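Just so it is clear, none of the values below were taken in a lab; they were calculated from the coordinates. Only a predicted model underlies this, so the values are computations on that prediction, with no experimental measurement involved. Cβ coordinates were reconstructed from backbone atoms using ideal geometry, including for glycine residues, and neighbour counts include every protein chain displayed.
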Amino acid sequence: MKKLISRILLGATILASSACTKIDNYDGPNASFEGNLISSEGGNLLTSQGSSQIRLEQISWSATPSPQEIPSKFDGTFKDSKLFKGTYKVIPKGGAFWPLYDTLTVDINKGTKHDFTVTPYILIKNFTATLNGKTLTLKYTMEAPIGAGLPTIIETQPYVNNTKLVGAGASIRDFSDIYKKAINKQWADMTDADKSVTIDIPDMLPGRKFFVRVGVRLNDSFKSSNFSDIIEIDVPAN
Amino acid sequence: MKSINKLIIAISISVGALVTSCQKLDIPPTNIFTPDIIFGSEAGVKSFLATIYRNLPIEDFKYRPDQGFKTGGNDWENFFNSASVTGEEVGPFGGMDIGTGFGYWPYDNIRNVNILIEELPKHADKLGQTNVNALLGEAHFLRAYYYFGLAKRYGGVPIVTKVQDPGAPLSELQVHRDKEEATWDFIGTELDLGYQMMNETNELGRANKYAAAALKSRAMLYAGSIAKYGSANFVDGQARTEGFAGIPADKANGYFTKAYDAAKLLEGHYSLYEKNADKVQNYVDLFLKSESPENIFVKQYSIISNTAHSWDATMSPRYMTANALTRSYPTLDLVQRWGALSVTNSDGTPKRFNDRADIMQGLEPRLLATVYFPGATLRGLTFDMQRGIYPTFSGTAAAEVAKPANSRSYILSGDTKTLYQGRMIIGFTGPWTGGDELTRTGFYVRKYIDAAKPISTVDLNRSEQPWLELRYAEILLNRAEAAMELGNAGDALTVINLIRNRAGATPYTSIDIDKIRNERGMELAFENHYYWDLKRWRISDVVLNNARFKGLMPYYVFNENKYIFLAEPELFQRNYNFDKKFYYEPIPGGELGKNPNLYPNNPNY
């Protein structure tokens, strides 16, 4: 019996020691890619949840790789620190900016940086938010760096949230979506009055802090929106 | 001597063995069916056809747009339908969850059809040339059906018409995508062959020549709309510039003409079901009577073959069934396709009704046969929909609905046992938000419901009424739409009025494209057409732009002993948003991995 056990143990030891001799000799995903989406009109392109991405295709892996995307942060920066080292085709997409068609080939390694310059469809200028009692009044004007050929302007709306992460898909519906203003016009057909917008949001909750921004949505392939910067509003307690 | 004898015996045995052993083993294998067995008799062909028919991309009761076509014995979740992402209904989908499809890729079935088309002519001696021709026509129809299922999802796909040899070089097996236009043209040609070669009639559940013409009218209408509207509203990308997703706009009229001509072929051979003088009951019967002259191509189900569906048990509340689970409910938005319901007075206050059922007065029979309203009856029980009780009610409906829920003066309840001064607060049939099984909109589906079934038999996997995949009303609507797109308003008006007369609606005196589309929405509600209609008209991203839908909530006003109806957001509070890229589904990732020639993928994937 003892012999048998020791033989089984011996067998198990031989199996265990001979297993797992191969080593994974591929590098882990230790490369990174980061940068800014710079607006041609100055500063970074202001984005929101899911609005702009950097699309990567690792051509050093396959001739027809499945694309992967790095979402842009709200301030127009992007970063992915878990990429595999290699050669990638990269391009910003998702709007709301004049589409780029030429992909860039980048060797991504540790700490690779690249800034993309894009031309936004619409700029939101002179954005002010003033509180009058419990009513919040938003005023802003729209400008287009390039007017000709601009996709139809669908609508404009405020985004109000109780955190700094405010934008499409991150807003309080009762203060945001329901104050949407339909436009549905070509840029050339918009009057100056159409381009300067005033939105009143009544019944803001007293004693709360809100973060407010506005957006203009265009009928491009992504139905993407250009956003304003974010203003912090403290509604005084009664 | 003895040993010699033994020797002789031994030698003769070996010689005998040697002589007889040299037979070549050339007998047909007994454990597999050879083409001769299958294609040598009509029964064999029929069994082969059965598989092809069963897997057809028919979006029936059991079809789950996020998972695929279901043929099993327990695919009972029939409320996961495409109606419940398009605003016809609201239901279990959390939003526009079906935009990228389920990776439909039926080239295994297409291979079966290709085998059929290659084998049949070899067996003309046994099957007879006439039979072979009719069967070949059927095969072309079936192949077109599969390609239609592909084209409406992906646009251009590889057209494979030969049985591929698995041993062939990879370069032959990795077939390129064909252009979208070529794919639709192929479908049209296949259906022409089907129409020319098939017989006038066929057994129930199989296609005849008119089914080919009917499907052609549908497919060519899709192609025409995609050419016309897809060239105005599209997502840019390589697949589009190379013609895999998108058809040139100047091709639209050619397709509309083909759709119109194909629909015309059915004239005189099929007619709308009008056997019952009671217009409501007639419209109900149309979906339940298999002898209807309106049915062109149906899909059958049976409990014995383990294929029954669960429509009755998943569309009506448990109160009226033996064991039910409902989850998708018609919206007020759908009901108002028929025009606004008269539930408010001119001053904006809600109309007072003595009885819930009074809301149905004066409504179009087709509407009453499509949707169960509060006050309707099923299997001897009343749809007693009631959202809650107002002890008193004053003011306008709009002002009341706009109030935050906590400042409304209504009384709600989580169950039917809770009473307010001796009166039930909610109805046995809802609306209620605590569970899934009661309406969230104030309505239930009536189309296809078999009211004659006793309650005890209405259970999951126990419904056998056939799915009317192609019915003449749809062909008339295809014809009217194609006619209108071609500028033939006269024919469109005549045809639409045929449908409206049967429905019990007032005939139109003039017609436009919006009326035709609305008629289609009413006539074909819940029949899984609307999702594709919105897509081919390229208006899904407008109709489903963060869309929220409404229900009609019945309340009892206690001090007045009256009922009121308030149009309120449906109680799931769903939000539906259609991304433009969904106009084409992505080519399935697994297939792209196997065949790089399927690139470019559709735009934005």
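Some values worked out for this structure:
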item: FRET efficiency, A:Asp189 to A:Lys110 (Cβ-Cβ, R0 60 Å, nearest 0.05); result: 0.75
item: Computed lengthening from B:Leu204 to B:Asn561, 0.36 nm per intervening residue step minus Cα-Cα distance; result: 123.2 nm
item: Region A:149-238 - Rg over Rh from alpha carbon coordinates, Kirkwood radius; result: 1.02
item: Whole-number percent relative contact order across region B:31-151, with pairs defined as alpha carbons under 8 Å at least 6 apart; result: 26
item: Where only alpha carbons of region B:25-68 are counted, the Rg and the Dmax (Å); result: 16.2, 51
item: Reciprocal mean inverse distance between Cα atoms of the protein assembly as shown - Kirkwood radius, Å; result: 31.1
item: Amide H contacts under 5 Å for B:Gly551, placed H, 5+ residues apart; result: B:Leu332, B:Glu568, B:Glu570
item: Rh by Kirkwood over Cα pairs, then Stokes-Einstein D for region B:233-276 at 0.890 mPa s and 25 °C, µm²/s; result: 179
item: Label zone at B:Glu274, where the point sits 7 Å out along the Cα-to-Cβ direction: region B:504-519 residues whose backbone N lies under 18 Å; result: B:504-509
item: Label-zone membership for region B:552-568, site B:Asp355, 7 angstrom Cα→C-beta point, backbone N under 15 Å; result: B:562-563
item: Point-to-point label distance, B:Asn345-A:Asp27, nm (Cα→Cβ direction, 7 Å offset); result: 7.9
item: Distance histogram in 10 Å bins (all Cα pairs of chain B, percent per bin); result: 3, 15, 24, 24, 16, 8, 4, 2, 2, 1, 1, 0, 0
item: Unsatisfied cross-links (Cα-Cα over 28 Å) in the set B:Lys351/B:Lys535; A:Lys89/B:Lys251; B:Lys70/B:Lys453; A:Lys113/B:Lys580; result: B:Lys351/B:Lys535; A:Lys89/B:Lys251; A:Lys113/B:Lys580
item: Contact order relative to length of chain B, as percent, for alpha carbon pairs under 8 angstrom and 6 or more apart; result: 19
item: Residues in region B:575-600 reached by a label modelled at A:Ala63 [backbone nitrogen below 17 Å; 7 Å Cα→Cβ]; result: B:592-600
item: Restraint check, A:Lys79/A:Lys125; B:Lys279/B:Lys447; B:Lys179/B:Lys228; B:Lys152/B:Lys216; B:Lys447/B:Lys562, Cα-Cα greater than 19 Å; result: A:Lys79/A:Lys125; B:Lys447/B:Lys562
item: Principal semi-axes in Å for region B:523-605 [√(5λ), Cα gyration tensor, largest first]; result: 43, 13, 11
item: Pairwise centroid distance, computed over Cα atoms, of region A:68-102 with region B:431-450, Å; result: 45
item: Relative contact order (%) - criterion: Cα under 8 Å, at least six apart; region: region B:252-308; result: 27
item: Where the Cα pairs of region A:91-179 fall when distances are cut into 10 Å bins, in %; result: 12, 32, 30, 19, 6, 1
item: Antiparallel DSSP beta bridges within chain B, as percent of all bridges there, nearest 5; result: 85
item: Cleavage-rule hits, GluC sites (Glu not before Pro), region B:149-214, DSSP coil, Cβ neighbours within 10 Å at most 10; result: B:Glu200, B:Glu203
item: 0 to 90° range, to nearest 10: angle between helix A:2-18 axis and chain A longest Cα axis; result: 50
item: ³J(HN,Hα) computed for each position of region B:207-219 - Karplus, 6.51 cos²θ - 1.76 cosθ + 1.60, integer Hz, glycine/proline x; result: 8, 10, 4, 6, 4, 5, 5, 5, 5, 5, 4, 5, 5
item: Note, ³J(HN,Hα) from phi for region A:221-235, Karplus 6.51, -1.76, 1.60, rounded to Hz, x at Gly and Pro; result: 4, 10, 6, 8, 10, 8, 10, 8, 6, 9, 10, 9, 10, 9, 8
item: Antiparallel DSSP beta bridges within the protein assembly as shown, percent to nearest 5; result: 90
item: Cα-based equivalent ellipsoid of region B:109-208: semi-axis lengths in Å, sorted from largest, via gyration tensor; result: 25, 18, 10
